[in-house]
Amino acid sequence: MKKYGVKVVSPRLACHGAYVRSPRILLSMLFLLAGCASDYQAPLDDRSSRLEREAPVIVVDGQTVPATTRAPVATSTGNPTSSTTAVGSAATVVRPIATGSGISRASVTRTPVGNQPPAQVPAQIPAQEPAQQVPAQSAVPAGAVHVVGQGDTLYSIAFAHNMDVRSLALANNLVTPYTIYPGQRLSLSATGVTASAIDDVPQIPAAPAGESAPDTGRRPQAAMDARRTGSVNTRQVDGVTWQWPADGRLLSTFLETSGNRGIDVAGISGQAVYAAADGDVVYAGSGIQGAGNLVIVRHNDRYLSAYMHNSTMLVREGDQVRAGDKIAEMGAGPNGRDMLHFEVRVDGKPVDPVRYLPNR
C-alpha cells in the first residue's frame, strides 16, 4: 500500500479465521472483540421462539394475589379481558396480565423486581352514586311490572322497588280508594309523573290486596303496654321526631352500593323493637323477599321507616303508633345472628338512618 508516497506493509493478523491487512481494519476488529465481551442481550424475539406470559392475577376484596410465585411481568398498555364470578359473599375478578392474541413479544418487557410497579390494581366496580343522589326509580328496569300477590299493599310494592307510593299509584292511574287485587299487573315505571302531580295525591290507605281499607287510628294495647320508658334521646328532622328503634350495638352502617340500605343493630331474640317515630303502620307481613317479618311505618307523606327480621310482629296495617311503642320483637337476620335491620326512606329513596337518629 502507498500512503503519501510511502509504502506500508502491515503484519498479517488472524481473527476468527480472517486476515487483516490494514491498521484501520485492525482498529475496527478490536472494537468488535470488545463488544463480544459485553453484557448485551438479544431482544426477546431473538432469545426465544415462544412467548412466555405471566399467569393470571386474582383480585379478591380489592387485594391482588398472584396465581403463581413467578416474578410479575409488566405489560403493554392494552386492556386485558376480565371475567367476574361470585365466590362466597365477595366478587372474584380474574384478569389475565396478557391475552393470547394481539400482543407481540416485543410488547413485553422485564424490569427489576424491586422496582416493579403493581401488575394489577384493584378491580373497579361500575360506581353507583350514594343513595341521596340516585333517584329511587333508577333501579327499576324500563317496562318492568309487579304482579300483585296476596297480602301486598301499595306501600310494600313501592318499598320493594325503591319507589314513592304516590308515584306508583299515578303510574297505574289508581284513584281513591286505591284498591289493588291479587294477580293485577302494576307498572313500575314512573316516567312522566310530575312533582306537582305527586303533591296532589291524597293519603293512600294501607289496604292489602283484595281487601277494603283497614280501620285506622287503632293503637294496639300490646304496643302501649311495652312502650319504652325512661329518658330517651330524640332528634327532630323535617318535622319528624326520631329515636333509636332498638337498644344495642351498631353492627353495620348504611352503604347502598354494597346492598345495605339501612343499619343493623345487634341484640338478642325477643328483644323489643320500637317505633322510631310517630306514624301509622302501612305494612306488616313477610311478603318481601329477604326482609323476614317486616313492619313499615309511615310518618308523613314523604317519610317511612322499616323494621326487618322480626320474630314477632305486634301491629297490623292501619294501626297508629307513637315513638317508643313496642311494635315487634327482634329475630335473626339472614346470617343467623340476632339483629334488627332498620331503614329510612324519603320519597321512596333509601337514606342513611344515622342522619336522622339522635346521638346516644
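Look at segment 251-263 and say how many of its residues are in contact (Cβ under 8 Å) with a residue 40 or more places away in the chain and either among the aliphatic types (A, V, I, L, M) or farther than 21 Å from residue 324 by Cβ (or both).
Residues in segment 251-263 being in contact (Cβ under 8 Å) with a residue 40 or more places away in the chain and either among the aliphatic types (A, V, I, L, M) or farther than 21 Å from residue 324 by Cβ (or both): 7 in total.
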Every residue from segment 202-224 that is without any contact (Cβ under 8 Å) to a residue 40 or more places away in the chain and farther than 23 Å from residue 287 by Cα: 202, 221
Please indicate, with yes or no, whether at least one residue in segment 320-333 is within 20 Å of the chain's Cα centre (by Cα), modelled with pLDDT under 95 and in a strand (DSSP E or B). no
Identify all residues within segment 239-253 that are over 28 Å from residue 213 (Cα atoms) and either in a loop (DSSP other than H, G, I, E, B) or aliphatic (A, V, I, L, M) (or both); write none if there are none. 243, 244, 246, 247, 248, 249, 250, 251, 253
I'd like to know if segment 296-309 contains one or more residues that are β-branched (Val, Ile, Thr), modelled with pLDDT of 95 or more and buried (at least 18 other Cβ atoms within 10 Å of the Cβ). yes
Taking segment 338-355 as the region of interest, how many residues are in a loop (DSSP other than H, G, I, E, B) and either more than 22 Å from the chain's Cα centre (by Cα) or on the phi > 0 side of the Ramachandran plot (or both)? 2
If residue 288 satisfies every condition in (1) closer than 25 Å to residue 167 by Cα; (2) among the aliphatic types (A, V, I, L, M); (3) at pLDDT 95 or above but one, which is the exception? (3)
Can you tell me which residue is farthest from residue 320 (Cα to Cα) among those in segment 190-201 that are part of a helix (DSSP H, G or I) and touching a residue at least 24 places away in the same chain (Cβ under 8 Å)? 197
If we keep only residues of segment 310-319 that are part of a strand (DSSP E or B) and surrounded by fewer than 18 Cβ atoms within 10 Å (Cβ to Cβ), then the residue nearest to the chain's Cα centre (by Cα) is 311
Can you say whether residue 255 is under 24 Å from residue 178 (Cβ atoms) and out of contact with any helix residue (DSSP H, G or I) (no Cβ under 6 Å at 6 or more places or on another chain), as far as the supplied structure shows? no
Condition first: in a strand (DSSP E or B) and among the hydroxyl-bearing types (Ser, Thr, Tyr). Now tell me which residues in segment 273-309 satisfy that. 274, 283, 303, 305, 307
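With respect to residue 176, determine if the residue is surrounded by 14 or more Cβ atoms within 10 Å (Cβ to Cβ) and either among the polar types (S, T, N, Q) or within 28 Å of the chain's Cα centre (by Cα) (or both).
no
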I'd like to check something: does segment 254-270 contain any residue that is modelled with pLDDT of 95 or more, under 26 Å from residue 219 (Cβ atoms) and part of a strand (DSSP E or B)? yes
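The values are calculated or read from the model by the stated rules, or taken from the named source; none is laboratory data. Quick caveat, the model's predicted, so the values are computed rather than measured. Cβ: placed from backbone, ideal geometry, glycine included. Neighbour counts: every protein chain shown.
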